[in-house]
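To start, the structure under review is shown below, and the notes come after it.
The values are calculated or read from the model by the stated rules, or taken from the named source; none is laboratory data. Note that the coordinates shown come from a computational prediction; the quantities given were computed from them, not determined experimentally. Virtual Cβ from ideal backbone geometry, glycine too; neighbours counted across all protein chains shown.
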Amino acid sequence: MRWARQDESSRGPQLEPVLQAVRCHFLAPHFLQEQVRNCALVKNHPKCCDYLSKVIQDLTLHKRYSCCLERLPNVPSILYVAGGYLRRSLSTIECFSAVSQRWSVLPNLPLERSGPGGVFLQGLLYVVGGRVLRPPRDFGEDVSTVHCFDPATKQWSEKCSMGVPRHRLGVAVLDGMLYAVAGSHGTNCLSSVERYDPAKDEWTNIASLSKPRYGLGTAVVRRWLYAIGGCNSTEKFGIVERYHPETDKWEAVSSLHIPRSGAGTVALGKYIYVIGGYDGRGQVSSVERYDTDTDTWHPVAPLKYRRSALSAAVLGGKIYALGGYDGQEYLSTVEVYDPDRDEWTVGPSMPSCKSGHASCTSPAPCLLHRVM
């Protein structure tokens, strides 16, 4: 926009093709709506208004936009693993570089926790909720606290707590907001969902799931937020719901073939992968892939080793399944899935065994970019 404002008479007519190169389909609809309403430069050029209005419509209708593929970061990405459980709740933070194929240890969480959620939002790692368990002194306390880690400065800060404590919740980022989905609080199984606005440091309640559950997976594809599987105290679920932010409603879609809780869940392209977990009889190695275009689930290559309470993340176009519990031992092992070959291989193990941890990825921090 600054480029066009410097010489609007000659550059203004070129603004529409410039906007198309900006990849507006990856911006939040509410941000684009503000530009259409308030940006004088856009309002002065009807073709720009028409183009942005079409993008907003595509986004709110969850349409495919294959003409505008998501780019890989131009700097290496880092995989982060936060918290977890190994005979007690953990405060460790470990990170893995796909370039060096090495793990390293970062400053500990301010509060140890197992079963937290973890996401990157605006370049910061958010670790949300979980349980503080310090046996044999107590049976654990579920927490609502949110801690935020800046990879550039390696400093932790505390953000506004959720409205209720949540253990084994699902978390995701949609339109620049952080969503905390269901989970458990003590003996209570939750269906409630909260949304965090980082600009306001504030949580807001939104529509609840149809069924209370914990140990569920979450993923976002084309601005749909999916809540997948999970359990209560008596049964495992295969149910899948998705959330529409414009209507504040959840709707049911096709269920998993195998009901499960404690699975690793990631989105990659138009697909959602649900990896391992616990089916009520034991840990499983099976993996299901959901096609968001056709609303169908299909099996893909299973893990080499069965595991539940694992975490999963996407790094360099491949899926990493990390740690977990195999029914007898806590694991540090890592498996890496290549979607092009439909094949799992063994990756570098984590520095320590754990289950019930959070994982997510982000481009490597750059202090120069932060200063500029």
Residue 308 assigned by TED's automatic domain parsing to the domain that holds residue 85, touching a Pro at 6+ places or on another chain (Cβ under 6 Å) and surrounded by 19 or more Cβ atoms within 10 Å (Cβ to Cβ):
no
With respect to residue 288, determine if the residue is more than 30 Å from residue 94 (Cβ to Cβ) and among the acidic types (Asp, Glu).
no
Flag if residue 219 is hydrophobic (A, V, I, L, M, F, W, C) and touching a Leu at 6+ places or on another chain (Cβ under 6 Å)
no
Condition (residue is crowded, with 20+ Cβ neighbours inside 10 Å, closer than 18 Å to residue 84 by Cα, at pLDDT 95 or above and hydrophobic (A, V, I, L, M, F, W, C)) applied to the stretch 137-146: is it met by at least one residue?
yes
Anything in the stretch 78-102 that is in contact (Cβ under 8 Å) with a residue 60 or more places away in the chain and within 18 Å of residue 150 (Cα to Cα)? List them, or say none.
78, 79, 80, 81, 82, 83, 92, 94, 96, 97
Going through 110, 136, 116, 165 one at a time, which residue ends up being without any contact (Cβ under 8 Å) to a residue 12 or more places away in the chain and in the same structural domain as residue 209 (by TED's automatic domain parsing)?
136
Regarding the stretch 241-251, can at least one residue be identified that is crowded, with 24+ Cβ neighbours inside 10 Å and in the same structural domain as residue 315 (by TED's automatic domain parsing)?
yes
With respect to the numbered conditions (1) surrounded by fewer than 17 Cβ atoms within 10 Å (Cβ to Cβ); (2) under 23 Å from residue 245 (Cβ atoms), which one is the sole condition not fulfilled by residue 154?
(2)
Do we have any residue at all in the stretch 47-58 that's surrounded by 15 or more Cβ atoms within 10 Å (Cβ to Cβ), modelled with pLDDT under 95 and touching a Phe, Trp or Tyr at 6+ places or on another chain (Cβ under 9 Å)?
yes
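Quick grid of which residues meet (1) surrounded by 13 or more Cβ atoms within 10 Å (Cβ to Cβ); (2) charged (D, E, K, R); (3) touching a residue at least 24 places away in the same chain (Cβ under 8 Å); (4) not assigned by TED's automatic domain parsing to the domain that holds residue 205:
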{"position": "270", "(1), (2), (3), (4)": "yes, yes, yes, no"}
{"position": "281", "(1), (2), (3), (4)": "no, yes, no, no"}
{"position": "301", "(1), (2), (3), (4)": "yes, no, yes, no"}
{"position": "327", "(1), (2), (3), (4)": "no, no, yes, no"}
{"position": "347", "(1), (2), (3), (4)": "yes, no, yes, no"}
{"position": "350", "(1), (2), (3), (4)": "yes, no, yes, no"}
Residue 360 assigned to a strand (DSSP E or B), in the same structural domain as residue 90 (by TED's automatic domain parsing) and surrounded by 13 or more Cβ atoms within 10 Å (Cβ to Cβ)
yes
Could you please give the count of residues in the stretch 274-325 that are assigned to a loop (DSSP other than H, G, I, E, B), out of contact with any Ser or Thr (no Cβ under 8 Å at 6 or more places or on another chain) and not polar (S, T, N, Q)?
7
Filter the stretch 316-335 down to the residues that are under 22 Å from the mean Cα position of the chain (by Cα) and over 17 Å from residue 351 (Cβ atoms) and list them by number.
316, 317, 318, 319, 325
Only one residue in 81, 127, 105, 119 is in a strand (DSSP E or B), within 18 Å of residue 141 (Cα to Cα) and either in contact with a Cys (Cβ under 9 Å, 6 or more places away or on another chain) or of a type outside the set (Gly, Ala, Ser) (or both), so which one is that?
127
Within the stretch 198-251, can you find the residues that are of a type in the set (Asp, Glu) and farther than 26 Å from residue 296 by Cβ?
201, 202, 248
Which count do you get for residues in the stretch 84-100 that are of a type outside the set (Lys, Arg), more than 21 Å from residue 158 (Cα to Cα) and either assigned to a strand (DSSP E or B) or modelled with pLDDT of 95 or more (or both)?
4
